[in-house]
1. Has the range B:103-126 got at least one residue that is among the small types (Gly, Ala, Ser), over 26 Å from A:Pro144 (Cα atoms) and in contact with a helix residue (DSSP H, G or I) (Cβ under 8 Å, 6 or more places away or on another chain)?
2. If you check A:Leu54 against the conditions, is it more than 23 Å from A:Leu84 (Cβ to Cβ) and free of Cβ contacts under 8 Å to residues at least 40 places away in the same chain?
3. In the range A:90-166, which helices (runs of 4 or more DSSP H) lie fully inside it and hold 2 or more residues that are free of Cβ contacts under 8 Å to residues at least 40 places away in the same chain, more than 9 Å from chain B (Cβ to nearest Cβ) and more than 22 Å from A:Cys201 (Cβ to Cβ)?
4. Yes or no: the range A:42-59 includes at least one residue that is away from chain B (no Cβ under 11 Å) and either at pLDDT below 95 or closer than 30 Å to B:Leu13 by Cα (or both).
5. Can you say whether B:Ile83 is within 23 Å of A:Pro160 (Cβ to Cβ) and either at pLDDT 90 or above or in contact with a Phe, Trp or Tyr (Cβ under 7 Å, 6 or more places away or on another chain) (or both), as far as the supplied structure shows?
6. Of the conditions (1) more than 11 Å from chain B (Cβ to nearest Cβ); (2) closer than 19 Å to A:Ala124 by Cα; (3) of a type outside the set (Lys, Arg), A:Gly72 fails just one. Which one is it?
7. Any chance you could count how many residues in the range A:221-250 are of a type in the set (D, E, K, R) and surrounded by fewer than 24 Cβ atoms within 10 Å (Cβ to Cβ)?
8. I'd like to verify a number: residues in the range A:227-281 that are farther than 21 Å from A:Ala89 by Cβ and within 14 Å of chain B (Cβ to nearest Cβ), how many?
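The values are calculated or read from the model by the stated rules, or taken from the named source; none is laboratory data. Note that the structure is a prediction, hence the values are computed from the model and not measured. In this analysis, Cβ positions are derived from the backbone assuming ideal geometry, glycine residues included, and neighbour counts consider all displayed protein chains.
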Amino acid sequence: MLALIGTIPKKDFPLVSGTAALNGNSVSMDSHSIPINRGTPALVAAASMACDALGLPAPFSFLVGDIGLGDGSRKLYEHLKAHLPSMDARVIAFHYLQPDVDWHNQVLWALEEKGNLPVLIADAGYMYVAKMSGFAGTYDLFTPDIGELAFLADELAPHPFYTRGFILHEEDNVPKLVKMAFEGKNAASTLLIKGPKDYICTKEGIVATVDVPCVEALEPIGGTGDTLSGVVAALTYGGHPMAKAATIAAKVNRLAGKLANPTPATQVAEIIKEIPKALETILDDVE
Amino acid sequence: MGPPPELRTGCDLVIEFPLVEQLNILRVLEENSITPMEAVPVDNPLLKPVDLFQTRDYGRYLMVRAANMKLTIDKETLKIVNISGGGCPDVPYLGASLVGKDIRQAPPPKEVGHTLCGYALQLAYEEMMRQCSL
């Protein structure tokens, strides 16, 4: 099972779990329709689309409403602690949750107690809390952008909001920031760094870069990082080793973006529609 | 400011004040229904919020990034066309609330957001307003 975990930007959205269905520009679950604008709905849509294209079972999602107050996230953490270990997921992608170190640790320890940790991917708020917890190395993949890489490189910063200026000034020096993140034990075993050039890194250093197709308009579009996480989660679930999955996903996300012919005003749903075609093209090239 | 390591729980913000003023300040906060989680003395310097901005001009569109948050507007219409980055749950909510609105009429992110990501977007918003002389 590929499990996807995150929040929906609606205050009264209940905690739901199951397989989401794609309907045009929205996903639906338990009779709830959720627009795919950005955030976890974009992750769910992209992963579902990629799993379908790869001939894999649809992902299983755990979702709850939270508009930033943290109430929904805490409800979800509690539910995950009780139920996630028994789901026997092979890959888990954690996404937009309110960072809460105590609850993060409880969920992680519950998974560890079950034995044989699944492949763990953390993006967005869950990547922040995974770093803050001191257990970053337990994770298999983080997907930071350049600003978030500086946060991972800063051993003192508990959130990107507090990344120190002298480290932010190093944003053009990705190899240095990668080294700092791994040396400080603040990185997952693989990093997929999103930017004008995507970097795939392990503690050995940069193992791959992806910079084509170059579509400048993708950076400001909300949700393109979420689609990337969705595609890499699906590829990992399909059995690709993490660094290879991250490299393919970076190429697929760029190509899907290009196929959507975007401007900085394009919405991510237009890009998600192009994922199957992009996936097919890139996998044909790889194989 | 950022809390010292022993007080960190997740998405945290602290307000620094002179210890001698503690009683007065706690009273004022309480009168305004803002109860701090803790009030503690600290010895070491606290982490400051980011104060660096990155700006990218796409011709018709302008993007400002503060920390992990990016705000993009259409320079011709002054509409907010995209919000990206961030990781706290109010980021998608801020996107749904602000995208498509004229930045002059849209509520400032600090009125809609609840987290440090929302605060970072507020800084990007203020920098955008400054750069566009609005």
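1. Yes, there is a match, as at least one residue in the range B:103-126 is among the small types (Gly, Ala, Ser), over 26 Å from A:Pro144 (Cα atoms) and in contact with a helix residue (DSSP H, G or I) (Cβ under 8 Å, 6 or more places away or on another chain).
2. No: the conditions fail for A:Leu54.
3. So the answer is A:101-114.
4. Looking for residues that are away from chain B (no Cβ under 11 Å) and either at pLDDT below 95 or closer than 30 Å to B:Leu13 by Cα (or both), one finds none in the range A:42-59, hence no.
5. Yes, satisfied.
6. A:Gly72 satisfies every listed condition except (1).
7. Within the range A:221-250, residues that are of a type in the set (D, E, K, R) and surrounded by fewer than 24 Cβ atoms within 10 Å (Cβ to Cβ) number 1.
8. Residues flagged as farther than 21 Å from A:Ala89 by Cβ and within 14 Å of chain B (Cβ to nearest Cβ) within the range A:227-281 amount to 13.
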